[in-house]
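Read-outs: derived from the displayed coordinates by stated rules, not from any lab. Note that this is a predicted model, so its numbers are computed, not measured. Cβ placement follows ideal geometry from the backbone for every residue including glycine, while neighbour counts extend to all protein chains displayed.
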Amino acid sequence: MKTLRIVVFAFLSAWLFCAHANTDADYQLLIKEVRCVTCPNQSIAESNAPIAISMRHEIQSRLQSNESVADIKAFLVERYGNEVLYQPPVEQGTWFLWFAPFAVLIAALLFWLIKVR
Amino acid sequence: MKRISSNKHAYVVVFFAAVTLLLWQTLFKNRHDYENLNIKVPNLILNDFVSEKNVELKSLQGKPYILHFWATWCGVCIKEHNDWLEFAQNADLPIVGVNFHDQPKQAKQFLQRKGNPYQYSISDAEGAFGVQLGLKGTPETFVVNANGKIIYRHTGPVSGKVLNQEILPLL
């Protein structure tokens, strides 16, 4: 009976530790991926702006409620727009952001080829 | 030679036309427009630090109202306070002041000293309510319709002109 209690306690402790470790890892990753809306050059991990502090708390609270990273990102994007994420999704509103560098590179290559010919 | 040159020009024109079209698509077709967002004011119960009673946000539904986020540490908020006092005297609608990331005691003293334009003075000391609405900083003003949905937002200080010519016509 004593052995059983020790085993159950050890199992629960390990499970809680892993759950917390995963949540903590997700939190650390997520706060670096979210832009501070007051100081856009910083992530909310770096910023001390009041809204950045509040956003960190909100993310932490949602992760602890077992909300997924994708859902939390969707929550933030719904309120702040795609620009709140350092890596916005590829969709109509962000085509220019994602494809313009390649378009410029291709254009430059074409221009060079034409010039060489 | 002339043909290569005109082809080169054609490529450049086509390239810039394509970039302009792509830019148009992203800048104007997919704006972060509050008319297209489904943000409803959450049904929270918050503390009014002036009356020292709880305010249930759901009870405000049924007619439009203004949510104004401010703080005593926010210099711009202090500067525009008189505009809000004047607006509150003339406007026939509730203005809910949300004191953001501040100390309620300090905020209460400020309102007692300078005048209180708010029908309700709510404390959002942790900023959780602000994040729910997509707050970017203080001062920031949201106009909420009778169904509890945000229909307008103004980031930064408001002047009498903004209050009377942009916000009031929405209500």
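Assorted remarks:
- Normalised per residue, the volume of the convex hull around the Cα set of chain A (Å³): 164 Å³
- Using alpha carbons only, the radius of gyration of the protein assembly as shown set against its Kirkwood radius gives Rg/Rh = 1.13.
- Mean residue ellipticity (222 nm) of chain B, computed from DSSP H runs ≥ 4 via -39,500 (n - 2.57), nearest 500: -11500 deg cm²/dmol
- Listed residue pairs exceeding 22 Å between alpha carbons, taken from B:63/B:149; B:79/B:136; A:32/B:40; A:73/B:40; A:32/A:73; B:63/B:108: A:32/B:40; B:63/B:108
- When each of B:110, A:9, A:111 is scored by the number of other beta-carbon atoms lying within 10 Å, the sequence from fewest to most is A:9, A:111, B:110.
- Peptide-level mean, for A:47-54, of C-beta atoms on other protein chains within 10 Å: 6
- A cut-off of 5 Å between modelled amide H atoms, ignoring neighbours fewer than 5 places along the same chain, links residue B:140 with B:69, B:156.
- Chain A, helix-only ellipticity at 222 nm - DSSP H runs n ≥ 4, -39,500 (n - 2.57), divided by all residues, nearest 500: -24000 deg cm²/dmol
- Normalised contact order of chain B, rounded percent, pairs of Cα under 8 Å and 6 or more residues apart: 27 percent
- Interchain or long-range residues, amide H under 5 Å from residue B:55's placed H: B:46, B:47, B:48
- Descending semi-axes in Å of the range B:71-128, equivalent ellipsoid built from Cα gyration tensor: 19, 13, 10
- Alpha-carbon spread of the range B:28-171, three principal axes, descending order, Å: 46, 31, 26
- Exposure proxy order (Cβ contacts within 10 Å, fewest to most) of B:135, A:63, B:21: B:21, A:63, B:135
- Residue exposure sequence - B:87, A:102 - by fewest surrounding Cβ within 10 Å: A:102, B:87
- Distance from the range B:108-126 to the range A:53-117 (C-alpha centre basis), Å: 39 Å
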